[in-house]
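Below is one structure; the comments refer to it alone.
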Amino acid sequence: MYEHIVLLKFKEHNGTVLNHEDALKTVNSFKTSIPGIVALSAGINVSEETENTHGYSLALRVTFEDQQACRDYVQHPLHQQLLQNIGPWVEGVVVADYSFN
């Protein structure tokens, strides 16, 4: 198995803010649309440890069958479309990937 964790920080773009709920709806649709995904969870950061969030407001965890499935996901047209849609609002990204049994 292969775990892919992403934290996103957003900014205003042209005087607007990203609708987090719309982004989450799109991400959650990946479960049934992109091959190789075993499990997926995503949500808005509600941590009370605000001094440690550093402005990262959206978190995503995807479990893949293997590392190749993660590579395929990154290039998948639905994932690429999401990146284009949210790109103007993204100020920062943190990614952590690891294998596990």
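The values are calculated or read from the model by the stated rules, or taken from the named source; none is laboratory data. Treat the numbers as computed from the prediction; the structure is a model and nothing was measured. Here Cβ is always computed from backbone atoms with ideal geometry, including for glycine, and neighbour counts include all displayed protein chains.
Put simply, of Q80, Q68 the only residue that is out of contact with any strand residue (DSSP E or B) (no Cβ under 9 Å at 6 or more places or on another chain), at pLDDT 95 or above and not in a strand (DSSP E or B) is Q80. Across the range 83-101, the qualifying residues are those that are surrounded by 14 or more Cβ atoms within 10 Å (Cβ to Cβ) and assigned to a helix (DSSP H, G or I), and the one among them that is farthest from the chain's Cα centre (by Cα) is W89. Among residues belonging to the range 48-64 that are farther than 17 Å from V17 by Cα and assigned to a loop (DSSP other than H, G, I, E, B), point out the one that is nearest to the chain's Cα centre (by Cα). Going through the qualifying residues, I end up with H54. For the range 1-32, the candidate set comprises residues that are assigned to a strand (DSSP E or B) and in contact with a helix residue (DSSP H, G or I) (Cβ under 6 Å, 6 or more places away or on another chain); within that set, the residue that is surrounded by the fewest Cβ atoms within 10 Å (Cβ to Cβ) is H13.
Figure legend. Inter-residue proximity from the range 63-78: first residues on the phi < 0 side of the Ramachandran plot and among the β-branched types (V, I, T), second residues surrounded by 13 or more Cβ atoms within 10 Å (Cβ to Cβ) and not in a helix (DSSP H, G or I), beta-carbon distance below 8 Å, spacing 6+ or different chains. Indicated pairs: T63/M1; T63/Y2; T63/E3; T63/H4; T63/I37; T63/V38; T63/L40.
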